[in-house]
Amino acid sequence: METGLPDTTSPAADEGTKLHQVMNDMIMQGKSSIVLTDAQQDMINWCLERVEALKWQECRIMCEQFIDLKWLHPTIGGGTADLVLVEDYAKAIVVDFKFGRGKVQSVHRNLQLACYAEGIRKQYDLASVEVCILQPALDFVDLAPHSNSNVEQARDIASRTQNPEAALVPGVHCLYCKASGQCPAQMALAEKQPEAIPATTAENVALLPMSTISDFVAHIEDCGFERILAAMRSRLYIAVTTGYEDDNWTLGAGRPRRGWTDDAVPILQELVAAKGVSPNEIWTAPELKSPAQIEKIVGKSKAVKEKLEPAISVTAGEPKLERKSTAKDGGKDA
């Protein structure tokens, strides 16, 4: 049903592609020419710190690693893992970077990662493999041993795609299908769904009747709901920061911010001069460039980090609203 339909993209998908490329550049070359916003650079730095913590002395590092999966089913062919840390005949960690802001499936339910991990295990004759998801926007790290118990699902799914008589099975995957909205099984199920939007989750939006989606989006625009939500969130934030106690919300730690100490200038000038760069390049008049911008010039080697350490000050970021039910210290969605 997807045959002939155009590929589509979105700002979020484009950002994800861009940040994956930067991670590849930084891990393999220690630098990237791609320009990022401060928020994007923060996400990259967060991922790099976690990758550094995952590494061990004997591991080899492979970015954008193609993994052969034809043994699983010929139509699957293979896939590309964001990052693989591997020690032949010993162990590996397969890492997936998620740069979105929506909650993702845990590694235990991620069929794609399970297939990659099993492919790596076979390719390098490994005793153990772990799978890991890194999602900086949610400060989310999910690391667990790989279990091949669900890999057979992929073989079954691939087999059914080759059978013209196979039943169409609507589900969460409809969100990623280009034929979503044209599939007769999806539409038949959609007509049975309750039209009460409050009971709808992001995962089953694709299964709502299109007329319901159309009406609701129009309603959101007409009533200015997004502006109302922003205003409510702002008032709630102020209330919680000034002592209001609530069963739903608490204050979480904000992302730390890096700045410069008072004696940073001579240190930065020395570092850029060693790179053959004019000392004036440390400025974006009238201020010093940010630590992330300076790192693009001088790199992130161990020697550079040691030189920069006395020049960098770290301050706590702005506290952020956090749902108690999803807080990292425990909760039904933790």
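Can you find even one residue in the stretch 213-226 that is of a type in the set (S, T, N, Q), surrounded by fewer than 14 Cβ atoms within 10 Å (Cβ to Cβ) and at pLDDT 90 or above? Talk me through it step by step, then tell me what you get.
Taking the stretch 213-226 as the starting set, the residues that turn out to be of a type in the set (S, T, N, Q) are 214.
Right, trim to surrounded by fewer than 14 Cβ atoms within 10 Å (Cβ to Cβ) and you get 214.
Among the residues that remain, those that are also at pLDDT 90 or above are: none.
Among the residues of the stretch 213-226, not one is of a type in the set (S, T, N, Q), surrounded by fewer than 14 Cβ atoms within 10 Å (Cβ to Cβ) and at pLDDT 90 or above, which makes the answer no.
Where in the stretch 205-283 are there helices (runs of 4 or more DSSP H), lying wholly inside it, with at least 2 residues that are more than 27 Å from Arg323 (Cα to Cα)?
Working: elements: 210-223, 225-241, 264-274.
So the answer is 210-223, 264-274.
Anything in the stretch 261-272 that is touching a helix residue (DSSP H, G or I) at 6+ places or on another chain (Cβ under 6 Å) and surrounded by 14 or more Cβ atoms within 10 Å (Cβ to Cβ)? List them, or say none. I'd like the intermediate steps shown before the answer.
Start the filter on the stretch 261-272 by keeping residues that are touching a helix residue (DSSP H, G or I) at 6+ places or on another chain (Cβ under 6 Å), which leaves 261, 264, 267-269, 271-272.
Within the stretch 261-272, Ala264, Ile267, Leu268, Gln269, Leu271, Val272 meet the criteria.
Look at Ala39 and say whether it is of a type in the set (A, V, I, L, M) and loosely packed, with under 12 Cβ neighbours inside 10 Å. Before the answer, list the steps.
Values: of a type in the set (A, V, I, L, M): yes; loosely packed, with under 12 Cβ neighbours inside 10 Å: yes.
Against the criterion (of a type in the set (A, V, I, L, M) and loosely packed, with under 12 Cβ neighbours inside 10 Å), Ala39 qualifies.
The values are calculated or read from the model by the stated rules, or taken from the named source; none is laboratory data. None of these values were measured; they are calculated from a predicted model. Don't worry about glycine lacking a Cβ; one is built from the backbone with ideal geometry, like all the others, and counts go over all protein chains shown.
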